[in-house]
1. Are there any pairs, at least 6 apart or on different chains, whose C-beta atoms fall under 9 Å, with the first in the range 150-163 and closer than 19 Å to Arg124 by Cα and the second among the charged types (D, E, K, R) and part of a helix (DSSP H, G or I), and if so, which?
2. Could you tell me whether the range 82-99 includes any residue that is modelled with pLDDT of 85 or more and either open to solvent by less than 60 Å² (accessible area, probe 1.4 Å) or not in a helix (DSSP H, G or I) (or both)?
3. Looking at (1) touching a Phe, Trp or Tyr at 6+ places or on another chain (Cβ under 8 Å); (2) open to solvent by less than 40 Å² (accessible area, probe 1.4 Å); (3) farther than 15 Å from Ile161 by Cβ, find the lone condition where Thr51 falls short.
4. Going through the range 18-46 one residue at a time, which ones are farther than 22 Å from Glu56 by Cβ and either open to solvent by 20 Å² or more (accessible area, probe 1.4 Å) or in contact with a His (Cβ under 8 Å, 6 or more places away or on another chain) (or both)?
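The values are calculated or read from the model by the stated rules, or taken from the named source; none is laboratory data. This is a predicted model, so every value here is computed, not measured. Don't worry about glycine lacking a Cβ; one is built from the backbone with ideal geometry, like all the others, and counts go over all protein chains shown. These accessible areas exclude ligands, DNA and RNA; they are computed on the full protein's heavy atoms, side chains included. Shrake-Rupley method; radii C 1.70, N 1.55, O 1.52, S 1.80 Å.
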Amino acid sequence: MTILSSTSATVYFDNCLVGAVVKGDHPAQMPALFTLLHQHERGGISAVASTEVLGEIMALPEQYRGPHVDVWNQLQRLPAAPFTWIDESSTSTSAHSDPDYVTLTGILPDDMDRRHIFHAIKNRIQYFVTVDQHSILNRASRIESAFPIKCGTPAQVLTWIGVAGATSSG
């Protein structure tokens, strides 16, 4: 499976973006997030996410799942350029001994965050887009010092890839 496009930026969409859309808890980032999705639809970027997102949605209490599943389904049905889904089954126990995963263990305390960043790194993704200030963005400089990836908010990633519409601050 080819994840990367040779002509466009590759952007990994963190699982927390689904929750952000559902809850509306990052309104300043929503225009930039939707601009990134539009860029993907028109082929301006290659969007990548993890199949683990659905597992995380299914772990939610049943009464909260519906809107999350709706957003998941919308991502799967994007016209023109479907999302590429990285199969998380490759995060086996052997992955935990991978030097990159070991390095991430010293940076990110949460296993799920490590797994998402690990897959983005292993698949040579250029940008990791998230609104997770508590776990990932506050450690972005450490991640970026160790690996060839940039971690930022939707607005920051838009700025980095040179797309107009990055109006909110990161």
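1. Lys150/Glu144; Cys151/Arg139; Cys151/Glu144
2. yes
3. (2)
4. Pro27, Ala28, Pro31, Thr35, His38, Gln39, Glu41, Arg42, Gly43, Gly44, Ser46
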